[in-house]
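Novice: Pasting a structure here, questions to come.
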Amino acid sequence: MDRPVRTLRLPLGRPVEPVTPQWSARHRRSTLVEGIGDEGLARLQAARVLVVGAGGLGSPVLMYLAATGVGTIGISDADAVEETNLQRQIIHGEADVGVAKTESAARRLHALNSALEVRTHGWATGELLDAVADDYDLVLDCCDSFDAKYLLGDWCAARNMPLVWGSVVAMSWQVSVFWATPPDGGPGVRLRDLYPNQPAPGATPSSLQVGVLGPVVGQTASTMATEAVKLICGFGAPLFGRVEIADARVGRHDIVTFAPQAVTGSQASTS
């Protein structure tokens, strides 16, 4: 039997101030959504979100979070924009080739939302994450390597930092939400509860081998941004203890539940 889904709400690290009438008017289409309203908009404005990776997944995630009214966004990346990135990394343009992705992304976000506070960081090592741990309420994993994903997953579990996680290759993607000790008092879940062990090099196909389609990256990132908004505002049922698995080639989406321990074939159920 499937476990009941849970509504979770982030504790925010700074006061939630009422939004101005002008800001409310700008975001009216969002505030009309049941569960958001001006209170949710105010929470978005107070939220501090760290996005690790400013590439394929990070591009639309960053743009949607900025457009939705998140007040502070940190961008962690160490790469410069390359021409081959432009096929899917829509936050960057031709004029940005050779520019640091953090700089290019920050410029685009400020053009979209001048009220946004953008913080740029290098790559998310354990040392960097420790240094900024108190500056953020939520982390989004937009990394493109298993080393980075497991480092980030383990760090968030140890710090009890909620994590929105996504992965995409070719035309297939997955999204889930992890939180070691959630505020509702129920059991937590971690990345290693879903995938206990990091795959060995070459054990799974990479985008360098099988490619990745830009619009499919966008589907993944849009789902991740939606999960972040649900957590910040505290409505709906985030993909906590559940992973959405999609195959865009055939238009199939499955929700697989998993328990707070290593998943085996008998432990996962599809709904």
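The values are calculated or read from the model by the stated rules, or taken from the named source; none is laboratory data. Note that the structure is predicted; figures quoted are calculated from it, not measured. A quick note on method: Cβ atoms are made from the backbone with ideal geometry, for glycine too, and the neighbour counts reach across all protein chains shown.
Novice: Enumerate the pairs (first residue in the stretch 143-166 and free of Cβ contacts under 8 Å to residues at least 12 places away in the same chain and within 22 Å of Ser206 (Cβ to Cβ); second residue anywhere and surrounded by fewer than 17 Cβ atoms within 10 Å (Cβ to Cβ) and of a type outside the set (D, E, K, R)) with beta-carbon separation below 9 Å, excluding pairs fewer than 6 apart on the same chain, so at least 6 apart or on different chains.
Specialist: Pairs that qualify, where the first residue is free of Cβ contacts under 8 Å to residues at least 12 places away in the same chain and within 22 Å of Ser206 (Cβ to Cβ) and the partner is surrounded by fewer than 17 Cβ atoms within 10 Å (Cβ to Cβ) and of a type outside the set (D, E, K, R), are Ser145/Ser206.
Novice: If you don't mind, another one. Write out, first by first residue and then by second, each pair whose Cβ atoms fall under 7 Å of each other, whose residues are 6+ apart or on separate chains, and whose first residue, in the stretch 18-30, is polar (S, T, N, Q) while the second is in a helix (DSSP H, G or I).
Specialist: Once the first residue is polar (S, T, N, Q) and sits in the stretch 18-30, its partners that are in a helix (DSSP H, G or I) give Ser24/Thr31; Ser24/Asp38; Ser24/Leu41; Ser30/Leu41; Ser30/Thr68.
Novice: Here's another thing I want to ask about it. Which condition does Leu10 not pass, out of (1) within 17 Å of the chain's Cα centre (by Cα); (2) of a type in the set (A, V, I, L, M); (3) assigned to a helix (DSSP H, G or I), if it passes all the others?
Specialist: (3)
Novice: Filter the stretch 156-171 down to residues that are at pLDDT 95 or above and either under 20 Å from Thr102 (Cα atoms) or buried (at least 20 other Cβ atoms within 10 Å of the Cβ) (or both), then give me how many there are.
Specialist: 9
Novice: State all residues of the stretch 176-220 that are assigned to a helix (DSSP H, G or I) and in contact with a Ser or Thr (Cβ under 7 Å, 6 or more places away or on another chain); if no residue qualifies, say none.
Specialist: Residue satisfying the conditions is Leu194 alone.
Novice: Out of (1) over 13 Å from the mean Cα position of the chain (by Cα); (2) surrounded by fewer than 18 Cβ atoms within 10 Å (Cβ to Cβ); (3) under 27 Å from Thr7 (Cβ atoms), what's the single condition that is false for Ser222?
Specialist: (1)
Novice: What do you reckon, is Trp179 among the aromatic types (Phe, Trp, Tyr), under 16 Å from the mean Cα position of the chain (by Cα), at pLDDT 95 or above and over 13 Å from Val52 (Cα atoms)?
Specialist: Judged against the criteria, Trp179 is a match.
Novice: While we're looking at this one, here's another question. Could you tell me which residue of the stretch 46-65 is farthest from the chain's Cα centre (by Cα), considering only residues that are buried (at least 24 other Cβ atoms within 10 Å of the Cβ) and over 24 Å from Val169 (Cβ atoms)?
Specialist: Out of the qualifying residues, it is Ala47.
Novice: Turning to a different aspect of this structure: Among the listed residues Gly202, Gly234, which satisfies the condition of being of a type in the set (Gly, Ala, Ser) and modelled with pLDDT of 95 or more?
Specialist: One residue alone meets the criteria, Gly234.
Novice: Identify the residue in the stretch 34-71 that is in contact with a Phe, Trp or Tyr (Cβ under 8 Å, 6 or more places away or on another chain) and β-branched (Val, Ile, Thr) and, among all such residues, is farthest from Val19 (Cα to Cα).
Specialist: The residue in question is Val49.
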